[in-house]
Amino acid sequence: MRNLIDIKNLNQDDILEIFDYSKTLNNKFSDILKNNNLGLIFEKSSTRTRLSFQVAINNLSGKYIDIKYDELNLSRIESIEDTFKMFNLYLDSIILRTSDHNKFKILKDSFKKPIINALSDKSHPCQAISDLYTLFEHFDRKENIEISWFGDCNNVLFSLIEIVNIFSNIKLNIFTDKNIYLNFSKTIYKSVNIDFFFEIDETVIKSSDCIMTDVFNSMNDTTNKEKLLSKFQVNRKLMSLSKNECVFMHCLPAKIGSEVTQEVIDSDKSITLNQAKNRLTAQRGILQWLNI
Ligand code: CP
Ligand code: NVA
């Protein structure tokens, strides 16, 4: 049985299989989810991930059920473990967005069917899969792609690192604050094709195929990183150091004027809309790969 909780549990063949399914299903939907009921639990807000999963499930002839904790007996007397055990009796898969990554362990112990991580405080595997799909599609190649990440070390970056660890011919440069790095580095394994930088390096920007960023403060992150990370804002000046073919990516939502300027989001180099559109393409591939 397959789950998508973290990228490290997948190998390169799994990811390429998801990409193949994504591409095929983009041209013609199938009814692989017929008679399947998938439960969606979103403890935090979402626009792209929730909607793209809902539409992808519809496209594949399945049904989704939005589950809200406060409408369950969980809010009264039932434990989370017993609640997840009950889900096992009725549902064929669970898609969970949570502030507490440890909940996936509890869920896995109680729910014996495919589980999808729709973002946690630690990781965002669906985003990394979809972003790599977008890069392969845009550059029409699967190798020698160089990504430069600017800003916070967060859940999106964590999964990006995990996917780059699998694809040795992708290079990842991470521009961030040293103290943020020191905390984050304890949580990651990094292969040789990943480097950290604490100052802007024009040569590295010049060789990049993609400049990527995300909010300086993720949901539920109450520390103020704006000042610390302001030198890594992706603005016109920074983008002007990049080569012509270089693209700009952001998982969205963006905090305009913080990690990125409106000008960059709206520029010709920005492929953020295609990136968001591919969330749907990739969700269909993920759902087929899970073999629910
Ligand atoms: N990128 C992303 O996961 O967006 P949402 O928070 O809107 O789902
Ligand atoms: N790092 C962001 C990603 C949102 C899709 C957050 O967790 O808020």
Env charge @ E259, Cβ radius under 10 Å, K,R +1 / D,E -1, value -1
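Run the helix sum for the chain: -39,500 (n - 2.57) per DSSP H stretch of 4+ residues, divided by residue count, reported at 222 nm to the nearest 500 deg cm²/dmol. Don't skip to the end; give the middle numbers.
Details: 12 runs with 120 residues, N = 292.
-12000 deg cm²/dmol, from helical runs alone.
Of the heavy-atom accessible surface of the stretch 115-268 (probe 1.4 angstrom), what whole percent is carbon and sulfur?
The computed percentage sits at 50.
Are any of the pairs K113/K225; K122/K277; K190/K231 more than 28 Å apart by Cα-Cα distance, and if so, which?
On the way: K113/K225 39 Å; K122/K277 24 Å; K190/K231 24 Å.
Too far apart for the 28 Å limit: K113/K225.
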If the label point sits 7 Å along Cα→Cβ of L16, residues of the stretch 152-175 with amide N under 13 Å come out as 167-169
Two pseudo-spin positions, 7 Å from Cα along C-beta at N144 and at D221, lie apart in nanometres by 3.4
Taking a straight Cα-to-Cα line shorter than 17 Å from K237, and setting aside same-chain lysines fewer than 8 residues away, one finds K206, K269
Listed by chain and number, the aspartates and glutamates with an alpha carbon less than 14 angstrom from that of K44, same-chain partners under 8 positions apart left out, are D66, D70, D100, D121, D221
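Relative to the present Cα-Cα distance, how much length would full extension add between I106 and S230 at 0.36 nm per residue of separation?
Numbers: separation 124, 0.36 × 124 = 44.64 nm, distance 3.80 nm.
Extra length from I106 to S230 when fully extended: 40.8 nm.
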Length-normalised contact order of the stretch 182-275, Cα under 8 Å, at least 6 apart, in percent, tallies to 30
Scoring the stretch 36-192 by relative contact order with C-alpha pairs under 8 Å, at least six apart, yields a percentage of 18
Scoring only Lys, Arg, Asp and Glu (+1, +1, -1, -1) among other residues with Cβ under 12 Å from the Cβ of S148 yields -2
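Using the Kyte-Doolittle scale, find the helices of the chain whose mean hydropathy is at least -1.0 and whose Cα atoms extend 24 Å or more along the helix's long axis, counting only whole DSSP H runs. Working shown, then result.
Working: long enough: 272-290 (26 Å, -0.52).
Span-like helices in the chain: 272-290.
On a full-extension model of 0.36 nm per residue, what is the gain between D66 and L252, subtracting their alpha-carbon distance, rounded to one decimal in nm?
Working: separation 186, 0.36 × 186 = 66.96 nm, distance 2.25 nm.
Contour length minus the Cα-Cα distance gives 64.7 nm.
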Checking the stretch 28-119 for GluC sites (Glu not before Pro) in a loop per DSSP with at most 14 other beta-carbon atoms within 10 Å yields E78
Scoring the chain by relative contact order with C-alpha pairs under 8 Å, at least six apart, yields a percentage of 23
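With a sphere of radius 12 Å drawn around the Cβ of C246, what net charge do the other residues whose Cβ falls strictly inside it have (Lys, Arg +1; Asp, Glu -1)? If you can, show how the numbers build up before the last one.
Values: positive: K206, K243, K269; negative: E146, D209, E245, D268.
Charge balance in the 12 Å sphere: -1.
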When the chain is treated as a Gaussian network with springs between alpha carbons less than 10 Å apart, the largest mean-square fluctuation among E202, E226, E146 is found at E202
Low-density loop trypsin sites (Lys or Arg not before Pro), the stretch 172-233, at most 16 other Cβ within 10 Å, DSSP non-H/G/I/E/B, are K186, K190
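The values are calculated or read from the model by the stated rules, or taken from the named source; none is laboratory data. Because the structure is predicted, anything quoted here is derived from the model rather than measured. FYI the Cβ positions are ideal-geometry reconstructions off the backbone, even for glycines, and counts take in every protein chain you see. For accessibility, only protein heavy atoms count, side chains too; no ligands or nucleic acids. Shrake-Rupley method; radii C 1.70, N 1.55, O 1.52, S 1.80 Å.
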